[in-house]
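K.L.:
Below: one structure in structure tokens.
The values are calculated or read from the model by the stated rules, or taken from the named source; none is laboratory data. Note that the structure is predicted; figures quoted are calculated from it, not measured. Because the Cβ atoms are built from the backbone with ideal geometry, glycine has one as well, and the counts that use them run over all protein chains shown.
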Amino acid sequence: MSQFLNPAFRTLEPYVPGEQPREKIFVKLNTNESPYPPGRKVIEAINAEAVQDLRLYEDPTNRLLNETLAGTLGISPENVVSTCGSDEAINLAIMAFGHDGLAFPDLTYGFYKVYADLNHMPYRTIPLKDDFSVDVSDYAHLGRMILIANPNAPTGLYLTPDRIECILKENPDHVVLVDEAYIRFGSESVVPLISRYRNLLVTRTFSKSHSLAGARVGFAAGDRDLIADMERIRNSMNPYNISRLSQTAAVEALREPEYYNECCRKVAETREWTKQQLKDLGFEVTDSRTNFVFAQSSDIDGAELYRKLREKGILVRHFNHERIRNYNRISVGTQADMEFLINAVKEVLDEEKNSADQQKNS
Ligand SMILES: *Cc1c(COP(=O)(O)O)cnc(C)c1O
């Protein structure tokens, strides 16, 4: 840290993303990327002509992307702001609406706390129940902005729209941000509710369901006044917030919905297969509705399993949070990736058992 750093940022603890390894990893299951490539239309559109156009700034209103998104979602373009990943949408929303403070679950996406600290917004964490579910009665009259990832990460658990509506009704004077990063893997969105709740803001991303994590495109949908507020801040920070190539990729992805629906369907199918295999091996697995599974076993320590898998060339995500120390979050890859994983888990459990037996006998 230099002597010049603003004291306001001296205690800031940045978000720690999942590792992007340089060495050979056979199966990367640690950051919830899609195992499938972007669709044909995206690959065709990022061509020499598109690259030549890079000499020009893109449209600072992101009009084509907003319109295409609005068309897909059945809302109007004034109800959408496009952002550099949904992370930017979350940050813009916190800047715009978080001044009375924030509330979010104790176990959720790690960036909420980081953005709260970055913007000097106080926050309160609300413990999930023992089974990791959200009790919506804990979110009544909180007097502050609420952030709910639905489905939640890293638990994978999902709240139905009627539960979200309870939170919206109980907090009419504050924005409720519903982070739908994982909604496309088999859950119901609350986007249709935005016409009825002026305090509802929904964020989504192309990173997971549309195989575009590296393009950094996301958006928020909500009442037009909320969106205008966020545009005000976006235009005060970076009106060219999504690169030309990324906008092209996102628009083309929206023009080929069947392909991405099929990718998400395959991921959900492989997820269910993986859950069952892990259960058969004695793991406790949450009812994840996302593109990851969240699992623990009483036969092996979570950090130990993480390390042993890594030695076998499989990268998963382990969090050092007290309540979930024994768990690992495992992204869903292709069926072949997950067969490789399950075999490796079996080997690790066998090795564990053998060394325990040896210790007993010696
Ligand atoms: C991955 C993720 C995001 C952000 O993804 P972007 O790549 O910035 O769009 C937001 N919320 C949750 C819960 C996530 O898991």
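Per-residue answers, yes or no, for (1) within 12 Å of the ligand (Cβ to nearest atom); (2) more than 25 Å from Asp59 (Cα to Cα); (3) modelled with pLDDT of 95 or more; (4) in the same structural domain as Leu147 (by TED's automatic domain parsing):
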residue	(1), (2), (3), (4)
Ala181	yes, yes, yes, yes
Glu188	no, yes, yes, yes
Pro192	no, yes, yes, yes
Arg196	no, yes, yes, yes
His210	yes, no, yes, yes
Ala213	yes, no, yes, yes
Tyr240	no, no, yes, yes
Cys263	no, yes, yes, no
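K.L.:
I need the full set of residues from region 18-65 which are surrounded by 13 or more Cβ atoms within 10 Å (Cβ to Cβ) and among the β-branched types (Val, Ile, Thr), in order please.
P.N.:
Answer for region 18-65, where residues must be surrounded by 13 or more Cβ atoms within 10 Å (Cβ to Cβ) and among the β-branched types (Val, Ile, Thr): Ile25, Val27, Thr31, Val42, Ile46, Thr61.
K.L.:
Within region 105-135, how many residues turn out to be touching an Asp or Glu at 6+ places or on another chain (Cβ under 7 Å), of a type outside the set (Ser, Thr, Tyr) and within 16 Å of Val176 (Cα to Cα)?
P.N.:
Going through region 105-135 one residue at a time, the tally reaches 1.
K.L.:
Is it the case that region 154-162 has a residue that's away from the ligand (no atom under 15 Å from the Cβ), in contact with a Cys (Cβ under 8 Å, 6 or more places away or on another chain), assigned to a helix (DSSP H, G or I) and not aromatic (Phe, Trp, Tyr)?
P.N.:
Within region 154-162, the first condition is being away from the ligand (no atom under 15 Å from the Cβ), and the residues that meet it are 160-162.
Still in the list and also in contact with a Cys (Cβ under 8 Å, 6 or more places away or on another chain): none.
No - not one qualifying residue is present in region 154-162.
K.L.:
Still on this structure: Consider region 296-334. How many of its residues are in a helix (DSSP H, G or I) and aliphatic (A, V, I, L, M)? Explain how you work it out, then say what you get.
P.N.:
Step one: filter region 296-334 for residues in a helix (DSSP H, G or I), giving 302-311, 322-324.
Among the residues that remain, those that are also aliphatic (A, V, I, L, M) are: 303, 305, 309, 324.
The number of residues fulfilling the criteria is 4.
K.L.:
Which residue is farthest from Arg216 (Cα to Cα), if the candidates are limited to region 69-95 and must be away from the ligand (no atom under 13 Å from the Cβ) and buried (at least 21 other Cβ atoms within 10 Å of the Cβ)?
P.N.:
Taking region 69-95 and keeping what is away from the ligand (no atom under 13 Å from the Cβ), we get 69-81, 95.
From the residues that got through so far, the ones that are buried (at least 21 other Cβ atoms within 10 Å of the Cβ) too are 69, 79-81.
Numbers: Leu69: 15, Asn79: 20, Val80: 16, Val81: 14 Å.
Only one residue tops the list, namely Asn79.
K.L.:
Could I ask something else about it? Can you tell me which residue within region 190-214, out of those that are assigned to a helix (DSSP H, G or I) and free of Cβ contacts under 8 Å to residues at least 60 places away in the same chain, is surrounded by the most Cβ atoms within 10 Å (Cβ to Cβ)?
P.N.:
Let us first name the residues in region 190-214 that are assigned to a helix (DSSP H, G or I), namely 191-195, 213-214.
Adding the requirement that they be free of Cβ contacts under 8 Å to residues at least 60 places away in the same chain leaves 193, 214.
Details: Leu193: 16, Gly214: 10.
Residue satisfying both the conditions and the ranking: Leu193.
K.L.:
Among the residues of region 223-246, what is the count of those that are of a type in the set (Asp, Glu) and not in a helix (DSSP H, G or I)?
P.N.:
First, the residues of region 223-246 that are of a type in the set (Asp, Glu): 223, 225, 229, 231.
Still in the list and also not in a helix (DSSP H, G or I): 223.
Result for region 223-246: 1.
K.L.:
I'd like to know if region 105-119 contains one or more residues that are more than 16 Å from the ligand (Cβ to nearest atom) and buried (at least 18 other Cβ atoms within 10 Å of the Cβ). Even if it seems obvious, please write down each step before you answer.
P.N.:
In the first step, residues of region 105-119 are kept if they are more than 16 Å from the ligand (Cβ to nearest atom); the result is 117, 119.
Among the residues that remain, those that are also buried (at least 18 other Cβ atoms within 10 Å of the Cβ) are: none.
No: zero hits.
K.L.:
Please specify each residue of region 48-64 satisfying the condition of being in a helix (DSSP H, G or I) and acidic (Asp, Glu). Walk me through how you get there before you give the answer.
P.N.:
Of region 48-64, the ones in a helix (DSSP H, G or I) are 48-55, 63-64.
Hits for region 48-64 are Glu49, Asp53.
K.L.:
Evaluate the following for Ile167: is it under 30 Å from Ile324 (Cα atoms) and either away from the ligand (no atom under 16 Å from the Cβ) or in a strand (DSSP E or B) (or both)?
P.N.:
Details: under 30 Å from Ile324 (Cα atoms): yes; either away from the ligand (no atom under 16 Å from the Cβ) or in a strand (DSSP E or B) (or both): yes.
So Ile167 passes the test.
K.L.:
Let me ask something else about it. Of a type in the set (Phe, Trp, Tyr), assigned to a helix (DSSP H, G or I) and at pLDDT 95 or above: is that true of Tyr259 in this structure? Can you show your working first?
P.N.:
Details: of a type in the set (Phe, Trp, Tyr): yes; assigned to a helix (DSSP H, G or I): yes; at pLDDT 95 or above: yes.
When the stated conditions are applied, Tyr259 passes them.
K.L.:
Contact list please: Cβ distance under 7 Å, first residue in region 36-51 and more than 24 Å from Thr270 (Cβ to Cβ), second residue part of a helix (DSSP H, G or I) and among the β-branched types (Val, Ile, Thr), pairs at least six apart or on different chains.
P.N.:
Ala45/Thr248; Ile46/Thr248; Ala50/Thr248
K.L.:
Could you check, for region 65-82, whether at least one of its residues is more than 20 Å from Phe206 (Cβ to Cβ) and not in a loop (DSSP other than H, G, I, E, B)? Explain how you work it out, then say what you get.
P.N.:
Residues of region 65-82 more than 20 Å from Phe206 (Cβ to Cβ): 76, 78.
Restricting the remaining residues to those that are not in a loop (DSSP other than H, G, I, E, B) gives 78.
Yes, the conditions are met somewhere in region 65-82.
K.L.:
Give me a count of the residues in region 1-47 that are part of a loop (DSSP other than H, G, I, E, B), farther than 27 Å from Glu256 by Cβ and away from the ligand (no atom under 14 Å from the Cβ).
P.N.:
Qualifying residue count for the region: 18.
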